[in-house]
Amino acid sequence: MKISASFLDIKEPKQQELFKLSNLDVDYIHLDVMDGIFVENKTYSYEEFKDIVKYVTKPKDIHLMVSDVKRYIDEYANMNPEFITFHYEASSDVGNVINYIKHKNLKVGISIKPSTDIKEILEYLEYVDLILVMSVEPGKGGQQFMEESVKKIDALNELRLKNNYNYLIEVDGGINDETIEKCKNADICVVGSYITKQDYETAIYKLRKNQH
């Protein structure tokens, strides 16, 4: 399993702390982009994000929690990320957004909130590179892991095996050294406050020890 480290809760100096984090045993750096409309909270502007991540060496995993999806795709595609993930609930034309990201030669992810059933995204599974299962309500860090998200992860894994789909399964929210064990069928776990609120290296070691 891979670890995508979220720096939402990193205190200042962010650039310096993020550089330190990106040089440890994580696979991706996860950017939580919020617009204050699709979710209540608002994060940095593109220019501020660009400055914060400029020394990051790990691949970037960008999670757009925004309503004006295409505008943000246009901006964040310039960071040359590995994935740009948008929310199913934020778009009235999901297929069009999937193609829009693909035309920028980037891997496309689709995210679903805890209240969204995976039945709603079945028609898109063969076209995406990643499904992001939210195991908390999107918009803020430090929330408790929702156990019902495990069923979604397992169901997506079964669908993948049955239909020979190629998407990765990512889970985001409330991941720590205990809840990571419940996500054995996920390929990537996004971990934020569990890492950033203690010694980074110790936290990552505990996560690695308990992953499948």
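Just so it is clear, none of the values below were taken in a lab; they were calculated from the coordinates. Just so it is clear, the model here is predicted, and its values are computed rather than measured. So basically every Cβ, Gly included, is an ideal-geometry build from the backbone, and we count neighbours across all protein chains shown.
Quick look at the values:
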quantity	calculated
Region 90-150, Rg to Rh (Cα coordinates; Rh as Kirkwood inverse mean 1/r)	1.00
Simple Cβ-charge dipole of region 2-210, Lys/Arg +1 and Asp/Glu -1, about Cα centre, in debye nearest 20	400 debye
Rounded to 5, percent antiparallel among DSSP beta bridges of region 2-210	5 percent
Per-peptide average of other Cβ atoms within 10 Å, ordering 199-208, 61-70 highest first	61-70, 199-208
Residues of region 130-162 with amide N under 20 Å of the 7 Å Cα→Cβ point at Gln198	141-146
Asn166-Lys11 FRET efficiency (beta carbon distance; Förster radius 41 Å; 0.05 resolution)	0.60
Residue pairs, from the table Lys102/Lys209; Lys54/Lys140; Lys20/Lys152; Lys14/Lys42; Lys42/Lys70, whose Cα atoms sit over 28 Å apart	Lys102/Lys209; Lys20/Lys152
Ascending count of other beta-carbon atoms within 10 Å, so fewest first, for Ile3, Ile98	Ile98, Ile3
Eligible aspartates and glutamates near Lys50 by straight Cα distance, threshold 20 Å, same-chain separation 8 or greater	Asp9, Glu12, Glu17, Asp27, Asp32, Asp35, Asp61, Asp68, Asp74, Glu75, Glu82
Potential extension, Lys102-Glu123 segment - 0.36 nm per residue separation minus Cα distance	5.9 nm
For region 1-154: rounded, prolate or oblate by the Cα gyration tensor [a/c cutoff 1.5]	prolate
Cα gyration tensor of region 122-212 - equivalent ellipsoid semi-axes, whole Å, descending	25, 14, 11
